[in-house]
1. Enter the mean number of other protein chain beta carbons within 10 Å of the beta carbon of each residue in A:114-126, as an integer.
2. Given label points at 7 Å from Cα along Cα→Cβ, what nm distances, shortest first, separate B:Thr20 from the same residue in every other copy?
3. Compare B:Gln100, B:Gln83, B:Gln39 in a GNM of chain B, Cα atoms joined below 10 Å, and give the one with the largest fluctuation.
4. Please give the per residue accessible area of segment A:51-128, computed with a probe of 1.4 Å over protein heavy atoms only, in Å².
5. Based on alpha-carbon centroids, what's the gap between segment A:33-47 and segment B:76-93 in Å, whole number please?
6. With each pseudo-label sitting 7 Å past Cα toward Cβ, what's the A:Asp89-B:Asp89 distance in nm, one decimal?
7. Given the peptides B:62-68, B:46-52, A:73-79, arrange them by the average over their residues of other C-beta atoms within 10 Å, most packed first.
8. So which aspartates and glutamates pass the test for A:Lys125, namely a Cα distance under 16 Å, with those fewer than 8 places away in the same chain ruled out?
Protein chains: 2
Amino acid sequence: MSDATTYTISQLAKEFEITTRAIRFYEDQGLLHPTREGQKRIYLSKDRVFLKLILRGKRLGFSLAESRGLIELYNPIGNNRVQLKTMVDKITNKQKTLDQQLHDIQIMKNDLKKAEQRCRLAMDKFDT
Amino acid sequence: MSDATTYTISQLAKEFEITTRAIRFYEDQGLLHPTREGQKRIYLSKDRVFLKLILRGKRLGFSLAESRGLIELYNPIGNNRVQLKTMVDKITNKQKTLDQQLHDIQIMKNDLKKAEQRCRLAMDKFDT
DNA sequence: CAGTAAGTTTACGTTAACGTAAACGTTAAT
DNA sequence: ATTAACGTTTACGTTAACGTAAACTTACTG
C-alpha cells in the first residue's frame with residue numbers, strides 16, 4: 001500500500017497540466033506537504049492523490065478550503081467522540097451538496113438536450 | 001406560455017436568498033434584462049428562469065460568463081447555418097463537462113462513503 | 001568555466017463576483 | 001412633515017486563486 005514512488009514538482013505539473021506556481025500555492029494553503037531533499041520539494045504518491053482530489057474538487061467548483069476539508073477526511077481519523085461526530089457531519093454535508101449537484105446536472109443535461117434538438121431541427125430546414 | 005407575472009428586485013432577492021446587489025450585477029454582466037417602470041426594474045418570469053439557471057450554474061462552479069453562454073441557448077436560435085453549427089458545438093462541449101462532473105461526483109461519493117464507514121467503525125469502538 | 005535547465009523565495013499584479021457605503025429619489029404611513 | 005421602506009446610481013474595497021517577474025541557488029553539460 002505504501003507506494004514509494006516520488007515526484008518532482010515539474011513532473012506533477014506536467015502530468016496534471018498545471019503550473020508549478022499552482023502546486024506551491026496549494027502547499028501554502030496547507031493542501032500539500034512535500035518533503036524536502038535539500039531545497040527541493042519531493043512529492044510522495046499521497047501528495048499525488050491529494051492533487052487529484054484538489055483538481056476534481058475544482059472541476060466541481062469547490063474552493064481550496066473545501067478541498068482541504070476533504071483531504072482531512074483521509075487522515076488517521078480523529079481521536080475522540082466529538083471529533084468523529086464532527087467528521088460525520090462534515091461528510092453528510094458534502095454528500096448533500098453532491099446530491100444537489102447531481103440534481104442540477106440532470107436538469108441541465110435535459111435543457112441542453114432540448115436546445116440541441118431545436119438546433120438540429122432548424123438545421124434540417126436548411127438542408128431542404 | 002407567456003406568463004405575465006412580474007417581480008420586483010427584492011422579491012427575487014428574497015426568493016433566491018441573494019442580495020439585490022448581486023441581481024443588479026448580473027444585469028451589468030448582460031445576464032438579465034429587466035424592463036423599467038420609471039426608474040424601477042421590473043422582472044418578467046423569463047428573468048426568473050434565467051436567475052434560476054445562473055444559480056444552478058453557480059452551484060456547479062460555472063462562471064457568470066459560462067452561464068451567460070447557457071442563457072443564450074434559450075434565444076430564438078441563430079439565423080444561419082454557421083451560427084447553428086457553433087451553437088451545437090457549444091452544447092456538445094457543455095454536455096461533456098457535465099458528464100465529467102457526473103463522473104467526478106461518483107468518485108467523491110464513493111470516497112465519502114468509505115470515510116463515513118471508517119468513522120462509524122471508530123465510533124462503535126467507543127460504545128463498547 | 002560558461003551556459004542552461006530546473007529549482008527556490010519574495011513580492012507585486014490581476015480577475016471575478018460581489019460587499020459596502022454614500023448620497024439621493026419615491027411612496028406610504030404616522 | 002418626518003420617518004420608514006424600497007428603490008436608484010456611483011464608486012471604492014475585498015477575497016480567492018493564481019500569474020508574472022525578479023533575483024538567486026544547484027546541478028549537469030558542452
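1. Numbers: counts 3, 11, 8, 1, 7, 12, 2, 2, 10, 6, 0, 1, 3.
Mean partner shielding for this stretch: 5.
2. Shortest to longest, the spacings are 5.2 nm.
3. B:Gln39
4. Details: 4490 Å² over 78 residues.
The answer is 58 Å² per residue.
5. 48
6. 5.0
7. Details: B:62-68: 16.4, B:46-52: 18.0, A:73-79: 12.7.
Highest mean packing first, the order is B:46-52, B:62-68, A:73-79.
8. Here the aspartates and glutamates satisfying the reach criterion relative to A:Lys125 are A:Glu116.
The values are calculated or read from the model by the stated rules, or taken from the named source; none is laboratory data. Bear in mind the structure is a predicted one, so any value in this text is a computation, not a measurement. Don't worry about glycine lacking a Cβ; one is built from the backbone with ideal geometry, like all the others, and counts go over all protein chains shown. Quick note on the areas: whole protein, heavy atoms, side chains included, nothing else; ligands and nucleic acids left out. Shrake-Rupley method; radii C 1.70, N 1.55, O 1.52, S 1.80 Å.
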